[in-house]
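Here the structure is laid out as structure tokens; the discussion comes afterwards.
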Amino acid sequence: MTTWNELLGVNAGETAAQVKQRYKRLSSRVHPDKGGSTGLMQLVSEAYQAVKSGKGDDSALGQTQNEGSQAALRSQVARLQKELAVLQQENRTLKSRQAGQQIPAHLTAKIAKLEFDNRQWREQYQKLERQHQSLDGQHARLTREHDKEKKEATQRNRELKDALTRVEQLETELTHKATPVTLKPAKPGLAWRWVLASWCAIALVMVPFGQWQRWIAPLIGDSQPDTAQRVRIINPKPPASEPVDTVAATQSPAAPPPSLPAAPMIELNPTAEKWHINQYTDIAQPYLALRSQQGSYIVANCVGDFYIYLNRSYQPLRVPPNLDYVAQRQHFHVYAIPYGQGASIDSWQLARKVQIFDDTFVSADLTPKLRAFEQSCRQTPDLTAVNRE
């Protein structure tokens, strides 16, 4: 029985380094490129793997028989036996040369060439290693320079932003000092105009007929004495087609509707994008308000005026044309909205999202809050006449 140790030419007690050295020498002899064959190279490799894994005393032929068919292995065994004889002869030759320290000339040349190649590869590796270290140093230097430039750019941007903020504040202060006329009160809304026009019409109707005659007589050239006029209006007899409204004649002229102060103080509400009803802090009147995410408020009073309480530390330089600056209350800059988008209930019902300056107001639940707000306005004593109108 031929074992793997015998096939490789090693003993059971030899070390792994000696086994590996024997495998390399046999491989250089039986390699197909060196004049050997593929079968011999495969057999040497299998022998080395078996000896390396501790199976050197096992039968080489039995292991081969377990891996193939019987018919194919018989011919292979015969061929391998011949090759085994050749390997044993080579093994004996190698052992004798090793004992006498006799190395063939062609192996000596190959060893010298390998050593030369090894030195060249080592020099090339050292050169590449130095280039790699140089590139690492350059990369670290560029990284430091980039971080330094980034910090300087961040500092310049911060300084520029601070300078622009100071310039805007100075321009705002100069605007307030140079043009104080912009701080004008809000214009009366459309509802106030209708109320004033209605009261003027009622007052004109309630003027006595004789007074109308005294006013018109100088215009048409009537030279009747005042006594005739006074006699004529003592007991006036109105025609049947125009009855005199005695109730209207006995009533005194009504007082003008109450007026709101410019930009009353409001209560702060933490809920944004929802209409809420509240009461001014300085007057006992309700208002309807909508808060934005930025902390600004849209405020509507009972007479239909709309205002924006802008949550800014300074007054913006660019103001839309439909806004009039009123005053500064609390920490807000108050603008009246006499016309345009956001100046009426209809505009808020049609546009669910309105942007004024940089603030976005989302109107979602206006209808139910509007009914409750109108009821609150009707229950306010000073606004009874206005609510009826």
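The values are calculated or read from the model by the stated rules, or taken from the named source; none is laboratory data. Please read all numbers here as calculations on a predicted model, not as lab measurements. Cβ: placed from backbone, ideal geometry, glycine included. Neighbour counts: every protein chain shown. Note: accessible area is taken over every heavy atom of the protein model, side chains too, but ligands, DNA and RNA are not part of it. Shrake-Rupley method; radii C 1.70, N 1.55, O 1.52, S 1.80 Å.
Taking the range 328-381, which residues are out of contact with any Gly (no Cβ under 8 Å at 6 or more places or on another chain), assigned to a strand (DSSP E or B) and buried (at least 19 other Cβ atoms within 10 Å of the Cβ)?
F332, H333, V334, Y335, A336, D359
From the list K184, K150, exactly one residue is modelled with pLDDT of 80 or more, surrounded by 10 or more Cβ atoms within 10 Å (Cβ to Cβ) and more than 30 Å from E46 (Cβ to Cβ). Which is it? Reasoning before the result, please.
Working: K184 fails: modelled with pLDDT of 80 or more.
Going through K184, K150 in turn, just one is modelled with pLDDT of 80 or more, surrounded by 10 or more Cβ atoms within 10 Å (Cβ to Cβ) and more than 30 Å from E46 (Cβ to Cβ): K150.
List every residue pair whose Cβ atoms lie under 6 Å apart, where the two residues are 6 or more positions apart in sequence or sit on different chains, the first residue falls within the range 159-175 and is under 14 Å from P316 (Cβ atoms), and the second residue, located anywhere, is open to solvent by less than 80 Å² (accessible area, probe 1.4 Å) and at pLDDT below 85.
Q169/Y314; T172/Y314; T172/Q315
So which residues in the range 265-295 are of a type in the set (V, I, T) and part of a strand (DSSP E or B)?
I277
Which condition does G304 not pass, out of (1) on the phi > 0 side of the Ramachandran plot; (2) free of Cβ contacts under 8 Å to residues at least 24 places away in the same chain; (3) of a type outside the set (A, V, I, L, M, F, W, C), if it passes all the others?
With respect to (1) on the phi > 0 side of the Ramachandran plot; (2) free of Cβ contacts under 8 Å to residues at least 24 places away in the same chain; (3) of a type outside the set (A, V, I, L, M, F, W, C), G304 is out only on (2).
Does P321 satisfy the criteria of being open to solvent by 60 Å² or more (accessible area, probe 1.4 Å), of a type outside the set (K, R) and farther than 27 Å from R378 by Cα? Lay out the reasoning, then the answer.
Working: open to solvent by 60 Å² or more (accessible area, probe 1.4 Å): yes; of a type outside the set (K, R): yes; farther than 27 Å from R378 by Cα: yes.
In short, yes.
I'd like the full set of residues that are of a type in the set (D, E) and either surrounded by 13 or more Cβ atoms within 10 Å (Cβ to Cβ) or touching a residue at least 24 places away in the same chain (Cβ under 8 Å) (or both), limited to the range 268-290. If you could, list the steps in order and put the result at the bottom.
Step one: list which residues in the range 268-290 are of a type in the set (D, E), which gives 273, 282.
If the condition is that a residue be of a type in the set (D, E) and either surrounded by 13 or more Cβ atoms within 10 Å (Cβ to Cβ) or touching a residue at least 24 places away in the same chain (Cβ under 8 Å) (or both), then E273 is the only one that fits.
What are the pairs, 6+ residues apart or on separate chains, where a residue within the range 15-41 that is in contact (Cβ under 8 Å) with a residue 40 or more places away in the chain and more than 23 Å from G54 (Cα to Cα) has its Cβ under 8 Å from a residue that is outside any helix (DSSP H, G or I) and open to solvent by less than 70 Å² (accessible area, probe 1.4 Å)?
From residues that are in contact (Cβ under 8 Å) with a residue 40 or more places away in the chain and more than 23 Å from G54 (Cα to Cα), the pairs are R29/G36; V30/G36; V30/S37.
For the range 295-302, state whether one or more residues are touching a Cys at 6+ places or on another chain (Cβ under 8 Å) and either open to solvent by 10 Å² or more (accessible area, probe 1.4 Å) or at pLDDT 85 or above (or both).
Going residue by residue through the range 295-302, those that are touching a Cys at 6+ places or on another chain (Cβ under 8 Å) are 302.
Then drop every residue that is not either open to solvent by 10 Å² or more (accessible area, probe 1.4 Å) or at pLDDT 85 or above (or both), which leaves 302.
The answer is yes; a qualifying residue exists.
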